[in-house]
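Chemist: Okay, here's the structure, questions in a sec.
What follows draws every value from the coordinates through simple rules; no lab data is involved. Predicted model, so just to flag it, every value in this text is computed and none were measured. Virtual Cβ from ideal backbone geometry, glycine too; neighbours counted across all protein chains shown.
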Amino acid sequence: MSRLDSMLRRLTAQRDGLNWAASEVAGLTGDALDMGLGNGRTYDHLREILPQRRIWVIDRVLQCHPSCVPPEQDFLQGEAEPMLQKLAEDGPQIVLAHYDFGFGVKEKDVAEAARLSPVIASVMAPGGLIVSGQPLVGFEELAGPKGIPEGRYLFYRA
């Protein structure tokens with residue numbers, strides 16, 4: 001498979017997974033969280049599918065497309081662990097989270113996701129869903145929506 005086809009499959013799985021998760025948490029009360037703003041595509045999609053929810057964003061730097069800059073009060077800039085701890089202290093209950101932190105080195109990315117899993121759990125509302133590009137630990141793994149190849153994107157319930 002070409003890298004272009006692989007990227008298209010990943011982005012389609014991400015979009016379909018987020019849409020599925022948004023419908024699954026429709027009856028829950030709480031906020032959303034985008035871990036890893038990047039250029040803002042996912043955040044922009046979350047704004048579209050979750051217009052009634054506050055969407056928190058965590059990233060090391062703010063370097064997204066100008067149309068995707070989150071409100072200052074919702075953007076936690078810094079390293080993941082202290083920003084998640086700050087969010088946990090402030091008390092928001094996250095019902096839908098998207099995990100997209102990474103260094104671009106698979107082994108490092110998997111280790112980081114495992115290391116951050118307990119602090120991610122501390123911000124999640126009971127029954128909340130996590131859509132993730134990396135394997136997390138300590139959560140109930142779900143099958144997710146139909147049509148997404150196994151392992152392409154991962155789905156968890158807190």
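Chemist: Mean shadow of segment 1-81, computed from the convex hull of its alpha carbons, in nm²?
Modeler: Values: hull surface 25.6 nm².
Answer in nm², one decimal: 6.4.
Chemist: Suppose a student asked you for the relative contact order of segment 35-87, using Cα pairs under 8 Å spaced at least 6 residues apart; what percent would you report?
Modeler: Values: 63 pairs, mean separation 20.3, N = 53.
Once divided by the residue count of segment 35-87, the mean separation gives 38 percent.
Chemist: Would you work out the Kirkwood radius for segment 71-158? I mean one over the mean of 1/r across all pairs of different Cα atoms, in Å. Could you put the intermediate results ahead of the total?
Modeler: On the way: mean 1/r = 0.0733 Å⁻¹.
Hydrodynamic radius (Kirkwood, Cα only) of segment 71-158 equals 13.6 Å.
Chemist: Any idea what diffusion coefficient the chain gets from Stokes-Einstein, in µm²/s, Kirkwood Rh on alpha carbon pairs, 25 °C, 0.890 mPa s?
Modeler: On the way: Rh = 15.6 Å.
After rounding, the answer is 157 µm²/s.
Chemist: Antiparallel versus total DSSP beta bridges in segment 3-157: what percent is that, nearest 5?
Modeler: Details: 7 of 24 bridges.
If I count the DSSP bridges inside segment 3-157, around 30 percent turn out antiparallel.
Chemist: Can you show me the helix-derived [θ] at 222 nm for the chain, built from DSSP H runs with n ≥ 4 at -39,500 (n - 2.57) apiece and divided by the number of residues, rounded to the nearest 500. Mind dumping the intermediate values first?
Modeler: Details: 4 runs with 58 residues, N = 158.
Calculated at 222 nm, the ellipticity per residue is -12000 deg cm²/dmol.
Chemist: Can you list the residues, at least 5 places off or on another chain, whose amide H is less than 5 Å from the amide H of residue 97, using H built in the peptide plane?
Modeler: 33, 129, 130, 131
Chemist: Hey, what did segment 3-157 get for relative contact order, percent, Cα under 8 Å, at least 6 apart? If you can, show how the numbers build up before the last one.
Modeler: Details: 253 pairs, mean separation 38.9, N = 155.
Worked out over segment 3-157, it gives 25 percent.
Chemist: Shifting gears a bit: Got a sec? How would 45, 98, 65 order by Cβ neighbour count within 10 Å, fewest to most?
Modeler: Details: 45 18, 98 25, 65 12.
In increasing order of surrounding Cβ atoms, one gets 65, 45, 98.
Chemist: Which aspartates and glutamates, if any, have their Cα less than 18 Å from the Cα of residue 146, not counting same-chain residues under 8 positions apart?
Modeler: Filter leaves 16, 24.
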